[in-house]
1. Those residues that are open to solvent by less than 40 Å² (accessible area, probe 1.4 Å) and not in a loop (DSSP other than H, G, I, E, B), I need them from the stretch 252-273; list them, please.
2. Taking the stretch 220-239 only, how many residues are open to solvent by 20 Å² or more (accessible area, probe 1.4 Å), in a strand (DSSP E or B) and acidic (Asp, Glu)?
3. State whether one or more residues within the stretch 133-146 are open to solvent by less than 40 Å² (accessible area, probe 1.4 Å), out of contact with any His (no Cβ under 7 Å at 6 or more places or on another chain), aromatic (Phe, Trp, Tyr) and within 19 Å of residue 213 (Cβ to Cβ).
4. When only residues in the stretch 51-107 that are closer than 18 Å to residue 331 by Cβ and among the charged types (D, E, K, R) count, which is surrounded by the most Cβ atoms within 10 Å (Cβ to Cβ)?
5. How about the stretch 231-268: which of its residues are touching a Lys or Arg at 6+ places or on another chain (Cβ under 6 Å) and over 19 Å from residue 288 (Cβ atoms)?
6. Filter the stretch 277-307 down to the residues that are touching a helix residue (DSSP H, G or I) at 6+ places or on another chain (Cβ under 8 Å) and either open to solvent by 50 Å² or more (accessible area, probe 1.4 Å) or part of a strand (DSSP E or B) (or both) and list them by number.
7. Name the residue that is farthest from residue 50 (Cα to Cα), counting only residues in the stretch 312-335 that are among the aliphatic types (A, V, I, L, M) and either open to solvent by 10 Å² or more (accessible area, probe 1.4 Å) or at pLDDT below 95 (or both).
Amino acid sequence: MRRQLLKNGLKNKKLPKRLSILILGLSCLWILVCPGARISEAFAVKVVKYLFEIKGGPGSPFNQPTDLAVSNDGNIYVLDGVNARIQVFDGKGRFLFKFGKYGSGKGELNMPLGLDLDRQGKVYVADSRNHRLQVFNAEGHYLNMVKLPGDGVEKAPDPVEVLVVSPYDEPETIFITDNDNHRVLVYDKDTLKLLYKFGARGFEDEGGSFRYPFSLAADMAQENIYVVDVLNTRVQMLDLKGKFIRKIGAWGIREGTFFRPKGIAVDADDNIYVTDSYMGVIQLFKPDGSYVSVVGKRKGEETKFKTPIRIYIDQNQRLFVVEELAHKVSVYSLL
């Protein structure tokens, strides 16, 4: 066939040019559809040390875990999403207990996607398909719930992330991303009353608007938040009232860009880690939003994860990676 193409090419001088364009197009397509492909050969790597992984308690394997948080006493709370429950482990990954089950009653869950803890150890769950936020104590006993408001929006509220923000010497507030309605809702933590909301559907050149906002994180001072703006393929930094400060990243497959950003975490120095669930990598940015490196176990070699949907950094500077389709949590030391 190749010979025939060459033969035909002698009769058609335009064919070699067309073939070149076709080959270039296929090469670009290959880069897009192959998560392992990269344009540059050499790139900077933030080396992390592998510690352990968690796949669920005895007889209770994870089924597409979606989020986690670590309490002040070191216990690890993993949101076992499809199983509609939370599994709890000690600081070394040893199973302690679990709570929650499928349903719509008090303490029951339906496709929960986001989880966070407050200073007192209370557990907040974004109960997505029940369109509500639920609150449990540290032992997993149901405490309270709040239905998200559906007025003025086209779709039922779709909470996918919850973040408890604790500014110094100020009341704690709860931030919730309403994915389908492209907005963020902010509640008083003690009363569970809606304080305000911000955001609307908008495109990548519009700061403060979103297309399917997902994960949340706060800086160390708890004065600003980061929102993973999934379909706009960027992270937005906002103040606590939703005022746009800057963006991080853009669409792409090179270092410092995203194909499908999902998870975010901030370390003790306010460096920002962002997962790309399609490319299977974690990228590191400085506090000013400039790109630094990818995360890897060895110098010059990035680590590939299987659908890294969420990440979390605890007070001991351990990086927890929720690998949704690998049904596990991988744990690394950043020090």
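1. 258, 261, 263, 264, 265, 266, 272, 273
2. So the answer is 1.
3. The answer is no; no qualifying residue exists.
4. Only one residue fits best here, namely 67.
5. Those that are touching a Lys or Arg at 6+ places or on another chain (Cβ under 6 Å) and over 19 Å from residue 288 (Cβ atoms): 231, 232, 263.
6. Within the stretch 277-307, 306 is the sole residue that qualifies.
7. In this case the residue turns out to be 325.
Matching residues to (1) polar (S, T, N, Q); (2) without any contact (Cβ under 8 Å) to a residue 24 or more places away in the chain; (3) surrounded by fewer than 23 Cβ atoms within 10 Å (Cβ to Cβ):
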site	(1), (2), (3)
173	yes, no, yes
178	no, no, no
181	yes, no, no
203	no, no, yes
207	no, no, yes
218	no, no, yes
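The values are calculated or read from the model by the stated rules, or taken from the named source; none is laboratory data. These numbers were taken from a predicted model, which means no experiment stands behind them. Counting neighbours? That spans all protein chains shown, and the Cβs are built from the backbone with ideal geometry, glycine included. Side chains included, ligands, DNA and RNA excluded: accessible areas come from the protein's heavy atoms. Shrake-Rupley method; radii C 1.70, N 1.55, O 1.52, S 1.80 Å.
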